[in-house]
Amino acid sequence: MSEWIEIGTIVAAQGLYGEVRVYPDSDFPERFIEPGKRWLLFPNKTEPEAIEFLGGRYIPGKGLYAVEVAGVEDRDAAEALRGCKLFVQKGSRPYLEPDEFYVQDLFGMEVFNQLTGEMLGKVSDIIPAGNDLLEVELNQTEAIKAAEPEVPEIVSVQVEHKDSRRKKRKTPRVKPLQTKKVLIPFVKEIVPIVDLEKGRIEIVPPSGLLDEI
């Protein structure tokens, strides 16, 4: 699926005449409003199939779009598409303004502290807010440094082997290391450099942002 961009999910039928309700995973309204070819992936399928959008509209207060699909002419046919994912091909990306980025391109990028040169971790999520937030999963070295030391807890467990009696033995149970994350406001003053070619983001953290790392 690397050649596709997921844009939304069909969540229900809209009305009686074949329209479907789409929950968007795209910031581009034209994906759902403008007529044209899209691709539909049914649950438990691995390859999407082409469909034709005849047009759509935004449903105020719902955060959804109502879309008319060619060949879907009644509520039953629309309901049969519930749970299907919608895609476009990567080559059909809309134009971006300077300092705009596709969310999926940011996932996995390495984040560096520009003041120290230290690699902090990788982008694990983008959280919508007044200003979007980069969620950065700290690298293992930082996570180990930040974690409190754990003393292995000796517990008694039951071990059963095929064709054998149940026996007790002592085995250590060690709590797994908790991955630490930090939220970074995605604004020019704090994130001055996003280099997609190198997969590198540089931040200038304000005072206190990284104190808990």
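So here's what we get for this one:
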{"item": "Check on Leu106, under 29 Å from Val194 (Cβ atoms) and either at pLDDT 80 or above or touching a Phe, Trp or Tyr at 6+ places or on another chain (Cβ under 7 Å) (or both)", "result": "yes"}
{"item": "Failed item, numbered, when Gly108 is tested on (1) out of contact with any Lys or Arg (no Cβ under 9 Å at 6 or more places or on another chain); (2) among the small types (Gly, Ala, Ser); (3) touching a residue at least 60 places away in the same chain (Cβ under 8 Å)", "result": "(1)"}
{"item": "Some residue of the stretch 156-163 being part of a loop (DSSP other than H, G, I, E, B), in contact with a Lys or Arg (Cβ under 6 Å, 6 or more places away or on another chain), acidic (Asp, Glu) and modelled with pLDDT under 90", "result": "yes"}
{"item": "Unique match (being of a type outside the set (Ser, Thr, Tyr), farther than 16 Å from Glu6 by Cβ and touching a strand residue (DSSP E or B) at 6+ places or on another chain (Cβ under 9 Å)) among Glu34, Glu73, Glu97, Glu49", "result": "Glu34"}
{"item": "Every residue from the stretch 180-199 that is touching a residue at least 40 places away in the same chain (Cβ under 8 Å) and assigned to a strand (DSSP E or B)", "result": "Lys181, Val182, Leu183, Ile184, Pro185, Ile193, Val194"}
{"item": "Those residues of the stretch 35-73 which are outside any loop (DSSP other than H, G, I, E, B) and among the β-branched types (Val, Ile, Thr), in sequence order", "result": "Ile51, Ile59, Val67, Val69"}
{"item": "Criterion: modelled with pLDDT of 70 or more and either of a type in the set (Val, Ile, Thr) or open to solvent by less than 80 Å² (accessible area, probe 1.4 Å) (or both) - qualifying residue of Ile144, Ile203", "result": "Ile203"}
{"item": "Some residue of the stretch 14-34 being open to solvent by 20 Å² or more (accessible area, probe 1.4 Å), free of Cβ contacts under 8 Å to residues at least 24 places away in the same chain and either of a type in the set (Lys, Arg) or not in a loop (DSSP other than H, G, I, E, B) (or both)", "result": "no"}
{"item": "Count - residues of the stretch 189-200 that are open to solvent by 40 Å² or more (accessible area, probe 1.4 Å), in contact with a strand residue (DSSP E or B) (Cβ under 7 Å, 6 or more places away or on another chain) and aliphatic (A, V, I, L, M)", "result": "1"}
{"item": "Set Leu16, Leu40, Leu54: member being hydrophobic (A, V, I, L, M, F, W, C) and within 14 Å of Gln89 (Cβ to Cβ)", "result": "Leu40"}
{"item": "Per-region count, the stretch 35-57, residues open to solvent by less than 20 Å² (accessible area, probe 1.4 Å) and without any contact (Cβ under 8 Å) to a residue 12 or more places away in the chain", "result": "0"}
{"item": "Output for the stretch 83-102, where each listed residue is of a type outside the set (Val, Ile, Thr) and assigned to a strand (DSSP E or B)", "result": "Lys85, Leu86, Phe87, Gln89"}
{"item": "Sole exception among (1) farther than 24 Å from Asp105 by Cβ; (2) touching a Pro at 6+ places or on another chain (Cβ under 8 Å); (3) at pLDDT below 95 for Gly61, by number", "result": "(2)"}
{"item": "Filter pass, Ala77 being open to solvent by less than 50 Å² (accessible area, probe 1.4 Å) and aliphatic (A, V, I, L, M)", "result": "yes"}
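The values are calculated or read from the model by the stated rules, or taken from the named source; none is laboratory data. The structure displayed is predicted, hence computed values, not measured ones. Using ideal geometry, Cβ is built from the backbone for each residue, glycine included, and neighbour counts are taken over all protein chains shown. Areas reflect the complete protein model, heavy atoms only, side chains present, ligands, DNA and RNA absent. Shrake-Rupley method; radii C 1.70, N 1.55, O 1.52, S 1.80 Å.
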